Structures are given as structure tokens and as C-alpha cells.
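Sharing a structure below in C-alpha cells format, with a few things to ask.
The values are calculated or read from the model by the stated rules, or taken from the named source; none is laboratory data. Just so you know, these numbers come straight off a predicted model, no measurement behind them. Using ideal geometry, Cβ is built from the backbone for each residue, glycine included, and neighbour counts are taken over all protein chains shown. Calculation scope for accessible area: heavy atoms of the full protein, side chains included, ligands and nucleic acids excluded. Shrake-Rupley method; radii C 1.70, N 1.55, O 1.52, S 1.80 Å.
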Amino acid sequence: MKTSQLAPSMMCVDFAEMTDVLRCFEAQGIEYLHVDIMDGEFVSNFTLGTDFCKYLRSHTSIPLDLHLMINRPDNKLSWFGIREGEFVSVHWESTPHIQRTLAMIRDLGGKPMLALNPATPIEVLDYVLDDIDGVLLMTVNPGFAGQKMVPCMPEKIRNTRAYLDSHSREDVRIEVDGNVSFIHAGEMRAAGADIFVGGTSSIFAKGTPIAENIAKLRAAVR
């Protein structure tokens, strides 16, 4: 099993405390910063954007994990200044040209991920396996923080890991996003997930310092 990695959900950060939070993440060895880009069309919410990505890159060396919940990302990838080694996730439903979009991400230096909504079947991976470095499994329906996990998602994680391994893609990482709580994270890890998007139910849980929450989440997914 691959080493687990954490990707805090940056839409959960209090912007007034952003500098202190980034220094905490650096001290705690956070691997990625998960940036949710929503356009108000693909999902019914509007969050973060290109200037925020520029801000993060100018204030920390932690690589970004861009999650593009937007229509036609193939027409917009150039907006984001994708850097070498950054994960970039696009949803299967977001464009009729998903293979081309994934290839474009790689050409720009990014690590392409295909994002699957809870009801999107694993079989959509069939003809893009050579084009991806990861699969982002939404364990809630995308668009809002603070939701409950869709109950069948641990099974989907297991099935995705088995699918990838059976197609000789053991190297492909599985990222999980949505109610990655201290309770659910261990179950997700056991099912085969290895990158964990931490939000309000773990890294940003109220009442406890972020550093303590990070340590608790790492222990849950060890």
C-alpha cells in the first residue's frame, strides 16, 4: 500500500489566518494543498479561483492539488498556471473531450487525475488508464463542505483499487474527498485510498489546534 498523504481543503481556511495556517502546514509536512475551483455551473457553488492559486504559490512551496469542478476545463487549463508535480483533477462529466483534457494536463507539466462523482461508474476509466496518475473519488456529491459520506463509498474505493490493480496500474493513486473524518478516514485507508482531503470533519475541526488535527488524521490513515 502506498504511503498516505494529506491534502487540506483550502476552502475551509479562515483567510484572515492564511499565513499562519500555511506555516503550520509546512511545519507538519503537509504534502498537497487541495484547491476547489467551482464555477457555479458544474456544481451549484462558486469558490476560489486563479488569483488564489497564484497567492498560494507565492506564499508556500507546498504543491497544489487542483480540483476543477467546472464546465469545459479543456478550454480553461491555461488560466491556472499549472506547475510541474501538481495534481489536477477534472470530472468525467465536465467535457466531451476527457481524454484530450487529461493529455493537456500532462503536457502542461501536471499530474492528471480523473474525478468521479459518487454515482459515476468506475468503468469510465477503461480508455483513459494510460492518461492518469490518479483517481479522485468524491465520497459526497460535490459542491459543498460539511456533508455526510455517501454510505456505499468504501465499497467503491475497494472496487476502484481492485480495478486499477487488475489493469496493472498499481501506481495510480486514489484520492478521497468528502467527509474524510477521523472516523471514516481509517475505513477509506483500509479500502485502498492513499491521498486524503481533510476539511471541516478532520483537519479544520473546531476546538482543536490544526497541528493536533493533522497528527490525529495521520494516525488514522497510517
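For residue 126 and residue 3 in one chain, what is 0.36 nm times their gap in residues minus the Cα-Cα distance, to one decimal in nm?
Additional length available on full extension: 41.7 nm.
Taking θ as phi - 60°, what are the ³J(HN,Hα) couplings along the range 168-181 by the Karplus curve (6.51, -1.76, 1.60), each to the nearest whole Hz, with x for Gly and Pro?
6, 10, 4, 6, 6, 8, 10, 9, 10, 9, x, 6, 7, 8
Let me ask something else. Scan (1) 44, 36, 30; (2) 70, 41, 28; (3) 52, 32, 30 for the value of Cα extents along the principal axes in Å calculated from this model and give just the label.
It is the value labelled (1).
Can I ask one more? Looking only at 141, 75, 117, which one moves most when the chain is put into a Gaussian network model with springs between Cα atoms under 10 Å?
Comparing 141, 75, 117 in a Gaussian network model of the chain, the most mobile one is 75.
Pick out, from 81, 49, 163, the residue whose Cα sits farthest towards the positive end of the charge dipole of the range 35-170, with +1 on the Cβ of Lys and Arg and -1 on the Cβ of Asp and Glu.
Farthest towards the positive end: 49.
Only Cα pairs under 8 Å and at least 6 apart count here; give the relative contact order of the chain as a rounded whole percent.
On the way: 422 pairs, mean separation 43.1, N = 222.
So the answer I get is 19 percent.
Note down the nm distance, to one decimal, between modelled labels 7 Å out along Cα→Cβ at residue 45 and at residue 93.
Taking the simple label geometry, residue 45 and residue 93 are separated by 1.6 nm.
What list of ³J(HN,Hα) values in whole Hz, one per residue of the range 197-212 in order, does the Karplus curve 6.51 cos²θ - 1.76 cosθ + 1.60 (θ = phi - 60°) give from phi, with Gly and Pro shown as x?
7, x, x, 5, 9, 8, 4, 9, 4, 6, x, 9, x, 4, 4, 5
On average, how much accessible surface per residue is there in the chain, in Å², for a 1.4 Å probe, leaving out ligands, DNA and RNA?
Computed with neighbouring chains in place, this is 43 Å² per residue.
Still on this structure, please answer the following. Go ahead and set up a Gaussian network model of the chain, Cα springs under 10 Å, then flag whichever of 125, 48, 33 fluctuates most.
48
Show that you can apply the helix-only estimate: for the chain, add -39,500 (n - 2.57) for every DSSP H stretch of four or more residues, divide by all residues, and state [θ] at 222 nm to the nearest 500.
On the way: 6 runs with 65 residues, N = 222.
Calculated from helices alone, the mean residue ellipticity at 222 nm is -9000 deg cm²/dmol.
Give me, ordered by chain and number, the residues 5 or more places off residue 49 or on other chains with an amide H under 5 Å from its own placed amide H.
Long-range HN contacts for residue 49: none found.
Counting only protein heavy atoms, what percent of the accessible surface of the chain is carbon or sulfur at a 1.4 Å probe?
On the way: 4980 of 9580 Å².
Exposed carbon and sulfur together represent 52 percent of the surface.
Report the FRET efficiency, 1/(1 + (r/R0)^6), for residue 78 and residue 119, where r is their Cβ-Cβ distance and R0 is 30 Å, rounded to 0.05. Mind showing how you got there, number by number?
On the way: r = 31 Å, r/R0 = 1.02.
Calculated transfer efficiency: 0.45.
Compute the distance from the alpha-carbon center of the range 12-56 to that of the range 198-222, in whole Å.
About 16 Å separates the Cα centre of the range 12-56 from the one of the range 198-222.
Provide the FRET efficiency to the nearest 0.05 for the residue 200-residue 100 pair, computing r from the beta carbons and using R0 = 45 Å.
0.80
Shifting gears a bit: So how strong a dipole does the chain carry about its Cα centre when Lys and Arg Cβ are +1 and Asp and Glu Cβ are -1, to the nearest 20 debye?
Approximately 380 debye in magnitude.
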